[in-house]
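The values are calculated or read from the model by the stated rules, or taken from the named source; none is laboratory data. Just so it is clear, the model here is predicted, and its values are computed rather than measured. Every residue, glycine among them, receives a Cβ derived from its backbone with ideal geometry; neighbour counts consider all protein chains shown.
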Amino acid sequence: MEAIGLHKKGEVELGQILEYLANLPNYHKAGAIACFTGIVREDPVRESGTKVTHLEYEAYEEAALKTMEQIRQDMKKRPGVIEVSIHHVIDKVNVGEPSLWVAVLGDHRQEVFATLSETVDRVKKEVTIWKKEFTAAESYWVSSEARGH
Amino acid sequence: MCFRHKSPNRSNKLSENLNASGLLASITVNVAYFAQARELAGTKEDEFVLNDPADMNHLLSEIMNAHPKLQGIRDVLSSLVNGRAVWENVSLNHGDRVTLFPPVGGG
């Protein structure tokens, strides 16, 4: 397990990420871990009334990993932040299933909560990953500017 | 499938495409498309042969000619050249890798 990664569905889960953090040499200096799990919801971006069945993710992997690492390094520079882990599924993901995990290990809850939120925002806005939303009626690409995304 | 496109301005007469050193004045650029750009282009990647010197504006013009459906999202497309984001018109060199994609949307 690395700090960041792109995966097929089923290759990674939150417990592995927490284990990665727990094995860090300075883990015992930390007082808090904040975690985010992004899951696929059934409400569509388009107000069509037709529920989402699944999302399909696509990535320009080389650039995505580079950007994820840059985000990680930027966040690790913040006072009180020890480690930032970012993992994304690039696959077909059904409603209710997870597609993104971000975990922040740090000194106190104030630092980890703030860092977690900013990290998730940056992943959604900067990393070369795209998702296509499928309903029973249609499918369409969803950008980070779309409602609630 | 990779399509090889030759700029229509490139002459088929060898003598007209030689530079001062007697070398062929054209470059080949590889283009990769992602997400909606890939769907509208109908291909994951392309190869374009352009007159040298060439720049991004020239390449984009050729791309739009080759794949007219991309016109609908031209204004929101972003590009990387050899992995680096480009926000203005830049010169292109032989062998450059250009990546073209719509706004990102992970998570």
Report summary line: Counting only residues in region B:32-80 that are free of Cβ contacts under 8 Å to residues at least 24 places away in the same chain and of a type in the set (Ser, Thr, Tyr), the one surrounded by the fewest Cβ atoms within 10 Å (Cβ to Cβ) is identified as B:Ser61
Query - Candidates A:Glu2, A:Glu56, A:Glu42, A:Glu47 - the one that is free of Cβ contacts under 8 Å to residues at least 40 places away in the same chain, acidic (Asp, Glu) and more than 20 Å from A:Arg122 (Cβ to Cβ) - result: A:Glu47
Requested in this report: For B:Gly83, indicate whether it is within 16 Å of B:Ala32 (Cα to Cα), touching a helix residue (DSSP H, G or I) at 6+ places or on another chain (Cβ under 7 Å) and surrounded by fewer than 18 Cβ atoms within 10 Å (Cβ to Cβ).
Outcome: yes
Query raised in the report: So is A:Leu21 farther than 23 Å from A:Trp141 by Cα, among the aliphatic types (A, V, I, L, M), out of contact with any Pro (no Cβ under 9 Å at 6 or more places or on another chain) and not in a strand (DSSP E or B) or not?
Result: yes
Requested in this report: Taking B:Leu92 as the residue in question, decide whether it is surrounded by 15 or more Cβ atoms within 10 Å (Cβ to Cβ), within 14 Å of chain A (Cβ to nearest Cβ) and over 22 Å from A:Val45 (Cβ atoms).
Outcome: no
Query raised in the report: A:Arg46 is checked against (1) out of contact with any Pro (no Cβ under 9 Å at 6 or more places or on another chain); (2) at pLDDT 95 or above; (3) surrounded by fewer than 19 Cβ atoms within 10 Å (Cβ to Cβ); (4) not acidic (Asp, Glu) and fails just one. What number does that condition carry?
Result: (2)
Query raised in the report: Can you tell me which residue in region A:24-40 is nearest to B:Thr99 (Cα to Cα), limited to those that are in a loop (DSSP other than H, G, I, E, B) and at pLDDT 95 or above?
Result: A:Val40
**Report entry** Residues located in region A:105-118, provided they are free of Cβ contacts under 8 Å to residues at least 60 places away in the same chain and either closer than 12 Å to A:Pro79 by Cβ or within 11 Å of chain B (Cβ to nearest Cβ) (or both)
**Finding:** A:Gln110, A:Ala114
Report task. Give region A:41-60 a look and list any residue that's touching a His at 6+ places or on another chain (Cβ under 8 Å) and assigned to a loop (DSSP other than H, G, I, E, B), or say none. Result -> A:Val45
